[in-house]
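Here's the structure, in C-alpha cells; my notes come after.
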Amino acid sequence: MRSPTKNTDEYVRSLSELASLLAQSLGSNAEVVIHDFRRQEGTIAAIFGNVTGRSVGGSMSSIGMELLGEGDQAEDRIGYVTTGTGGRTLKASTFVLRDYEGAVFGTFCINVDVTDLRKTAALLAEATGLNPSEPAPVLFSNDTREVVRSIIAEEVAELGVPVLRLSRDDRERLVQSLEKRGIFAMQKGVLIAAEELGVSRTTIYNCINSARSDEKGK
C-alpha cells in the first residue's frame with residue numbers, strides 16, 4: 001500500500017505538468033505556481049512563468065498564509081485583483097489542494113498581469129465617468145520572513161498604535177489579527193512576531209491563548 005506522502009508527491013508532480021501546459025497556454029503575462037505547505041518556509045514546489053519574480057523554494061504570499069492558517073476549512077479564492085511587484089496589477093486565482101484524505105496541503109495559483117488591460121480600462125473609465133477601485137497590495141517574495149514582516153506592519157498600521165506604545169490589550173488585539181492572517185501556522189511565525197514586536201515568544205503565546213479564550217467565550 002502506498003503511503004499518503006508518496007501519493008501526495010505524485011499528485012504534485014502531475015499538477016506540475018498541468019501547470020507548465022497552462023502557463024504556456026496563457027502566455028508571457030501569466031504565471032502558474034504550486035505551493036506545498038509541507039515545505040513551510042520555502043513553499044513554492046513549482047513555478048512556470050515570471051510575473052511575481054519568485055522561484056522554486058520561494059515564499060507564499062500573505063494570502064497563502066491566510067489559507068494555511070485556515071487549515072482544512074480553507075476555500076478557493078477565485079478572480080481577486082491585487083497589486084504585485086513593481087506596482088503591477090494582477091488578477092489571481094488560488095485553488096486549495098487536498099491530499100487523498102481530504103487534508104489541505106498546498107495551493108495551485110494562477111497569476112495574470114493585467115496592468116496594460118487596466119490602463120485601457122482606466123481610459124474607458126475616464127471617458128464614461130466610472131473610476132475603477134485600486135486593488136489592495138500583496139507582497140510576493142522568495143523570503144518568508146519578509147512576507148511575515150509585511151503582514152505585521154500592515155496590522156500595526158491598521159491598529160494605529162506604534163509598536164513601542166502597545167498596551168497589553170493592543171498587543172492581544174494585534175496578535176489576534178495576526179493569527180487570523182495565518183502567520184502563526186508558520187513554523188517560525190511566533191519567533192518572527194516576537195522579534196518584530198520586541199517581546200518574548202512566551203508573551204506572544206500568552207496573547208494567542210488569551211485571544212483564543214476570548215473567542216471561545218463569545
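All of the numbers you see were taken from the coordinates with simple rules; none came from a lab. As the structure is a computational prediction, the values presented were derived from the model and not from experiment. Please note: Cβ atoms are built from the backbone with ideal geometry, for glycine as well, and neighbour counts cover all protein chains shown.
In table form, for the structure just shown:
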| read-out | value |
| --- | --- |
| Rule-of-thumb Rg ratio for the range 144-217 [Cα; 2.2 N^0.38 Å; N residues] | 0.99 |
| q = 0.07, 0.08, 0.14, 0.17 Å⁻¹: log10 I(q)/I(0) that the Debye formula gives for the chain, counting C-alpha atoms only | -0.26, -0.33, -0.92, -1.19 |
| Choice from Gly198, Gly86, Gly42 with maximal GNM fluctuation in the chain (Cα, 10 Å cutoff) | Gly86 |
| Shape of the range 1-124, Cα gyration tensor, a/c cut at 1.5 | prolate |
| All aspartates and glutamates inside 14 Å of Lys91 as judged from Cα atoms, apart from same-chain residues fewer than 8 positions distant | Glu31, Asp113, Asp116, Glu134 |
| Proxy reagent accessibility, fewest Cβ within 10 Å first, across Asp72, Asp143, Asp36 | Asp72, Asp143, Asp36 |
